[in-house]
Amino acid sequence: MGRRRRYCRCGTTMLTMLLFVVTNSASVLLSSGAGAFLLRRYKPATARLWAWDDSAALLDDLNATQSALADTHAQLADLHARLGTANSLLETLLAAMAAERRDGGTPWARELSGELELAVAPHRNVTGKATVFPALGHACARFQDDLEAYMRYTPGGECPSDEQLARRLMLNGCDPLPRRRCRPRSPAGYVQPAPLTKSLWAIPPDTTVVWDAYRCKNYSCLVRGGGGGEFDLLGREKRRWMRDDGALAYSIDSVLAARPNGTVRIGLDIGGVSGTFAARMRERGVAVATTAMNSGGPSGSLIASRGLVPVHVGPAHRLPFFDGTLDIVHWTSLEHVAGVMLEFALFDIYRVLRPGGLLWLDHFVFPGEQLNATFAPMVDRVGFRRLRWNTGKKLVSALLEKPMT
């Protein structure tokens, strides 16, 4: 791939040099005084046109010369216009060459090699008739050192224990990450999960997790507070979304009552650390997937052990669902999403909701002075209709509907 880039740069350089020679030759022609010489050469003859009008032959000759001179003026004007176009193209090419020299002709700081080059390079599809470009987060090139470390492994061997490195890359916008040709290590002493519905509220065995990446090395540590309380399935988590206080705290049952019975069937919980929201919805016959990033502990493993579906996408990632398909989206955290990116996220949620679908904003932390001035108009601009809207000090909870039409 590096050789192809060098060939491309050589071709661009040769084209630029050719254009430089052509345009400068034209400049020499125009600046050499050839036009002025022609005018000076034939000006006396033009003056003699009226003095020697008794000679018809001479008159015809001089008129022909005058016509040729007019044609020469037109040609020079056309050449001048072409020269302007060529100069403009030359300036564009020179600017492109300057940018190419500045960044090596690619977004990468240095030439790719090894597994990273194989993973991100375009390949021909199975028919050989089309080129397939692997999906890769656009910010990955900005973090080439981390990405090269992520792709440093023995092909066909065991993947390194680098969960936190992957998380850092994803939070920085390198999402999706490139595929790898290695096998993640399985936990020692892994046991089969508990059956549904017992698994919904059972803390899984420690042997279901590879703990290398986490401060806590077992679920007991996380339950005692090492995971912010969100891993305490029989304590704090057990009480969530069960009571509606008419203000910021909504209950699941009151939200489901906003739709005809049985019409909320599938949904998404954005940023659910432990999957408890999905578990409560599962008890009510609603299938909910949960996005997680393994920030304070093994969220993905815990959610899966409960018999629920974890989705490993970053906060800036386009939601991996078809347009107009979900009945409900529950969102609890604005972390890593702000400004115009928040508006993009709201439009993306609007996209995946079906007509009549619900967006439940749950205890959003938002600066008070911006809540009414910025966030509320943004929600209205996206197109949601407010069914409930409750605010507190730097907090907002809302139940929003995607209109039916």
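Where the centre of each part is set by its Cα atoms, how far does the range 319-376 sit from the range 117-196, in angstrom?
Going from one Cα centre to the other spans 28 Å.
Return the sequence-ordered ³J(HN,Hα) values of the range 122-138 in whole Hz as given by the Karplus equation 6.51 cos²θ - 1.76 cosθ + 1.60 applied to θ = phi - 60°, using x for Gly and Pro.
Couplings: x, 9, 6, 6, 5, 7, x, 9, 9, 9, 10, 9, x, 5, 7, x, 5 Hz.
Please list, in chain and number order, the residues 5+ apart from residue 290 or on another chain whose amide H is under 5 Å from its amide H, with Hs placed from the backbone.
HN-HN under 5 Å from residue 290: 269, 309, 311.
What is the range 114-172 by shape, rounded, prolate or oblate, if you read a ≥ b ≥ c off the alpha carbon gyration tensor as root eigenvalues and call it rounded for a/c under 1.5, prolate for a/b larger than b/c, and oblate otherwise? Don't skip to the end; give the middle numbers.
Details: a/c = 2.64, a/b = 1.54, b/c = 1.71.
Judged from the Cα gyration tensor, the range 114-172 comes out oblate (a/c at least 1.5, b/c at or above a/b).
Rounded if a/c is under 1.5, else prolate if a/b is larger than b/c, else oblate: which is the range 196-402, with a ≥ b ≥ c the root eigenvalues of its Cα gyration tensor?
Values: a/c = 1.67, a/b = 1.47, b/c = 1.14.
Prolate is the answer for the range 196-402, as a/c is 1.5 or above and a/b outweighs b/c.
Among 155, 143, 125, whose Cα lies farthest out toward the positive end of the dipole of the range 114-172, if unit charges sit on the beta carbon of Lys, Arg (+1) and Asp, Glu (-1)?
Toward the positive end, the furthest listed residue is 125.
When ranked by the protection proxy of mean other Cβ atoms within 10 Å per residue, highest first, what sequence do the peptides 125-135, 313-323, 57-67 form? Mind dumping the intermediate values first?
Numbers: 125-135: 8.9, 313-323: 15.2, 57-67: 12.5.
The densest-packed peptide leads the list: 313-323, 57-67, 125-135.
Rounded, prolate or oblate: which fits the range 280-340, taking a ≥ b ≥ c as square roots of the Cα gyration tensor eigenvalues, rounded meaning a/c under 1.5, else prolate when a/b beats b/c?
Numbers: a/c = 1.88, a/b = 1.14, b/c = 1.64.
Note, shape of the range 280-340 comes out oblate.
Could you tell me the accessible area of residue 163 in Å² (1.4 Å probe, neighbours in place), rounded to the nearest ten?
Estimated to the nearest 10 Å², residue 163 gives 50 Å².
Name the residue farthest towards the positive end of the dipole of the range 264-405 from the options 320, 266, 397, assuming +1 on Cβ of Lys and Arg, -1 on Cβ of Asp and Glu, about the Cα centre.
266
Give the long-range amide H neighbours of residue 387: residues separated by 5 or more places, or on another chain, with amide H under 5 Å away, using H modelled in the peptide plane at 1.01 Å from N.
399, 400, 401
So how do 139-145, 266-272 stack up, highest first, on mean other-Cβ count within 10 Å?
Working: 139-145: 16.3, 266-272: 23.4.
So the order, starting with the most tightly packed, is 266-272, 139-145.
The values are calculated or read from the model by the stated rules, or taken from the named source; none is laboratory data. The shown structure was predicted, so the numbers you read here are calculated from the model rather than taken from an experiment. Glycine gets a Cβ as well: all are built from the backbone with ideal geometry, and neighbour counts include every protein chain shown. These area figures cover heavy atoms from the full protein model, side chains too; ligands, DNA and RNA do not enter into them. Shrake-Rupley method; radii C 1.70, N 1.55, O 1.52, S 1.80 Å.
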